[in-house]
1. For region A:204-224, does any single residue satisfy the condition of being among the polar types (S, T, N, Q), crowded, with 21+ Cβ neighbours inside 10 Å and either closer than 17 Å to A:Pro143 by Cβ or over 14 Å from the mean Cα position of the chain (by Cα) (or both)?
2. Where the second residue is of a type outside the set (Phe, Trp, Tyr) and outside any helix (DSSP H, G or I) and the first is on the phi > 0 side of the Ramachandran plot and lies in region B:512-539, which pairs have Cβ atoms under 8 Å and are six or more apart or on separate chains?
3. Out of (1) out of contact with any Pro (no Cβ under 7 Å at 6 or more places or on another chain); (2) assigned to a helix (DSSP H, G or I); (3) among the polar types (S, T, N, Q); (4) within 14 Å of chain B (Cβ to nearest Cβ), the odd one out for A:Thr204 is which?
4. Return the residues of region A:118-138 that are of a type in the set (Gly, Ala, Ser) and at the interface with another protein chain (Cβ under 7 Å from one of its Cβ atoms); say none if nothing qualifies.
5. Take B:Leu440 and tell me if it is farther than 20 Å from B:Arg490 by Cα, modelled with pLDDT of 80 or more and hydrophobic (A, V, I, L, M, F, W, C).
6. Can you tell me which residue in region A:98-108 is nearest to the chain's Cα centre (by Cα), limited to those that are within 9 Å of chain B (Cβ to nearest Cβ) and of a type in the set (Lys, Arg)?
7. Looking at region A:165-196, which of the residues that are among the basic types (Lys, Arg) and surrounded by 23 or more Cβ atoms within 10 Å (Cβ to Cβ) is farthest from the other protein chains (Cβ to nearest Cβ)?
8. May I ask you to list the residues in region A:47-76 that are over 15 Å from A:Ala87 (Cβ atoms), under 10 Å from the mean Cα position of the chain (by Cα) and not in a strand (DSSP E or B)?
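The values are calculated or read from the model by the stated rules, or taken from the named source; none is laboratory data. Just so you know, these numbers come straight off a predicted model, no measurement behind them. So basically every Cβ, Gly included, is an ideal-geometry build from the backbone, and we count neighbours across all protein chains shown.
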Amino acid sequence: MSAHDAAPDRTRPDGPNAPNAPDDSDRVAARARGLTKAYGAGETAVLALDSVDVDVARGRFTAVMGPSGSGKSTLMHCLAGLDTVSAGQVWIGGTEITGLKDRELTRLRRDRIGFMFQSFNLIPTLSALENITLPMDIAGRAPDREWLDQVVDTLGLGNRLGHRPAQLSGGQQQRVACARALAARPELIFADEPTGNLDSRAGTEVLGFLRDAVDRLGQTVVMVTHDPNAAARSDLVLFLADGRIVDEREHPTAETVLARMRRFAQDGDQPGGPAPVGRPGILRRTSDDRFTRVCDAVAEEA
Amino acid sequence: MLRATLRGFLAHKGRLLLSGLAVVLSVAFVAGSLIFSDTVTRTFDRLFASTAADVTVAPRRDLAPPVRTGAVRTLPASLAGRLAKVPGVAAAHVDAVVENVVVVDRRNQPVGPTTGAPTIARGWEATGRSGVRLTSGHAPHGDGEAVLDADSAGRRRVRIGDVLTVQAPTGTFRVRVAGIAAFTTTNPGSALVFLDTPTAQAKLLGSTARATGISVDAAGGVTDTELKRRVGAALGAGTYDVRTAAEQAKSAAANLGGFLKVIKYVMLGFAGIAVLVGVFLIVNTFSMLIAQRTRELGLLRALGADRGQVRRSVHIEALLLGLTGATLGLAAGIGLAAGLMRLVGTFGVRLGSAGMVIGWATPVAAYAVGVGVTFLAAGLPARRAAGVSPMAALADAEVSGTGRPLRTRALAGAVVGAAGAGALAGCAVATRTAPAVALLGAGVVLTLIATVVAGPLLARPLIRVLGGAFPALFGSVGRMSQRNALRNPRRTGATAAALTVGLALVGGMAVAGASVTRSVDRRIDQTLGADYIVQNRTYIPFSPEIGDRVRATAGTGVVVRQRLAAIAVRLPDGGRVETAASGYGPRLDAVSHLKYAAGNTAAALAPGHLAMDAGFARTHGVRIGSVLPAEFQGGRRARLTVAALTDQEQAEAFGLKGGLLLGLGTLDRYAPGGLDSALYVNAAPGTGAGPLRARLEKTLAPYPNVQVRDQADYKKLVHDQIAVLLRLVYALLGLAIVIAVLGVVNTLALSVVERTREIGLLRAIGLARRQLRRMIRLESVVIAVFGAVLGLALGLVWGVCVQRVLALEGMTALAFPWGTIVAVVAGAAAVGVVAALLPALRASRMNVLAAIAHE
């Protein structure tokens, strides 16, 4: 993934305003051009995403960081086809998803995208195995047994498959969610704060699985996170602030990420200049102490 | 605290809407039936008060037969002259009123009502007490002139100068319409034909020396009571019934109000079922609201609210709901009563001339029912709310779980269920009707309670089975819907309970109805040997002239008349039974297959003889050769010898206690002037049944009140009459279903809200809107079918027990209406689909992002 307004090498022939996606879907899993998302209208409009251009590279682990209200979750939702965009275009592989109808979007999510959420979001009435195969069951497809076994083995869920979510620990539940995201072999996995509700040991474990999924299973993962340690496990970190991608770091470490994040905290919320429209004050106000706390905690550890 | 409660009530008003609707429905039916019956009472009181003479003298009513015998009781017309001389009497008029005439127009169409309401022929009185006022033409004079009431004239387009045929018990005669008279107060539903009084006496009663009553007017200053005393003294005590105007009005109103009373009871039945089912809905809604607000209640407790305050806050919410529901229900009840009045108007009964009557009892009852029911139903949830601990505010319980274990329920359900099963078993083996009915009642109530209490426990196994095919048929969508239905068995059980109650009732009645139908069929097959029966649709007796005409029809073989007469028999064991006896003409054996335990038809029908049911005889110590003192209408006494004992399955059906049977000659001797209840007709040798039917129908064309029926028609007539009753039950079920649907909607809507995050996730990972809707629909269907199956199972058990009780009365056949049962289960599934419409739509419209966003 590379953010165009920040990336130094702009080698691709087509510009950000190209009307159609270039057919390099073998290399790019998801792409956005001029992606803009505004909430509300007129005077009270707030820009959550401000003309973002982004490419998610296939087979890589990308992290998205930024203060609360920076638009990172919105970015993920728009890329995943969960949310509509105000302007711009989004592609998953070679398919433009902006303008797709709900039914086509649903099918696209079902067949091509995997999700992990902060609060696990497992179906309490289904067993672990049933949760894992749910997207394929919904699609009416039989799971690939061999692959499923491999995923289950990798995540160490073999002896937990018959359990209901309520009988599993938080870490185990998130592993089930991870298995669910992987089981259908989606083109792309979106993970929204996957370690947010876990203790550090379970969190490290889950991050390890995501890392493995990329390295060993060749998956593409996009992870939204607050946690510099989590971001450090990725191949590339994108920094979002006020609805724009303001920076990126290849092969990050916790320290480099933390240092960058600290600058946000020190600069206030305007590392890349203020958002041009709307009422930036609203965005600023949402930057929360949790973020500062995390930064401080990480700094102490370091 | 009160402010918090009010805010809570308003915040949840959407949730409470459905419960409120249940309250409105119950109250509307209660209020509607009260208003209706008050209006009926007022209207008829006015009608009869305006038509009753100061004092009325009538033949003594000594026997009250359980069926219509058609006998017209008379007294000597000369009494009028005698009474006119009594001091204090201003005038005494002769009444000649016959209630079961048939009036047909030129095209042989009946002019009067065909619904069972009477067509009355009577003498014209100029006293202003006739209840009518001449609007055109003139009063009837002499033979062959009549005045018709305006309603009938309008309905049948009869004009002055038209010729009508009057078929009275004494014979048929023609009249020309001389005038039209309108009802001054109201029309109680009957048709009226007026003749001048001497003509009425001669034509309707057979002699100008007879009268059906004497109307006595008081002289100035003499009260009705005083006049009654004087008239009574002049006539001699106990010889005649003497009534004041008030008494007469009351008894007339009571006679006529019967049909309208049925409507009142039906309405109260609806109210009852609405209340019963509504209670489940309200309990469920409040329970769910409290489960949802556990956190909020915990916070209130943590902030220092004590248990009483929390409980009161729920009670106040219930009170507000009850008050709102009762007020709206009262308004709806007024509308319902207006609708009912219009409905009975289509039957020719014009109510409301006195205006709609809303007595003080109506609003009192409405609020008592509305507030009482709501308050009662909210009691349990209120206790539960008070039990919420302050810790609940801190706990992270997001979705209300399955709650406390169901052990208490299991225990209570088992104990009550065992008691109920015991009672039903006792009912099934009982040998006498009275204890069997008592046990049946107790068993029904107890098993119903047990089923409702244990419903949540039964949900798990039953829904596993009912939804067992879902995963295979609908994949993960099916699996999730089945498990969602099992998620909170308490809630599922309570939701399904409304349907269970309604369907148990229907199941029981349907089995009873089918069993009675089959029993009657069997009896008809076993006992009826006639080719044709000539009978009135509503079993009203008809003129003997019809029998004469039938007999004279070419191709007719044996014709046996059946007549009924009121009779009282003193039994050897000292008892006295008041019943009706059937008199049959000779050759009864040719048209029926009676079985005798002793004796035979010839002996039974011989003069001065009598046959009775063998079982009844055994119970009361009657033997062949016993001589029983009998008493007929009008004080005629006889001593009848028991010559035969019949062995019939349903000898005592239709309230004919003792199954008394005698010869027509004997009957006519002691109860002269009777009418025929039925004619049993066989074709003459050499005549086909088909051609005979055509001829009989031609003969009977001028008599639209009777029809020719073969055995199949006769069965159909009986089936139709049972079906009318069942239709009423199905209407009750309809109401129960409406409320049950509200309950299912309620539950699903709340579940959808509770499962927002889950639904969001499912949508995120690719569940299509259609699939989501299907998931909710399947859950709804499985809950509804669960309720239906439980209810039907219970209903079938009840039905079998009801049949056991009926068997004691001779209805020995047991039949299951499988068609109805299958239809009901299919209907329940449809109900589930309908109930899921809105919640499913709501779930599918849910914003995916809002649903999965973290708090």
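1. yes
2. B:Tyr539/B:Val67; B:Tyr539/B:Arg68; B:Tyr539/B:Ser677
3. Every listed condition holds for A:Thr204 apart from (4).
4. Residue satisfying the conditions is A:Ser119 alone.
5. In short, yes.
6. Only one residue fits best here, namely A:Arg107.
7. A:Arg175
8. Scanning region A:47-76 gives A:Lys72, A:Ser73, A:Met76.
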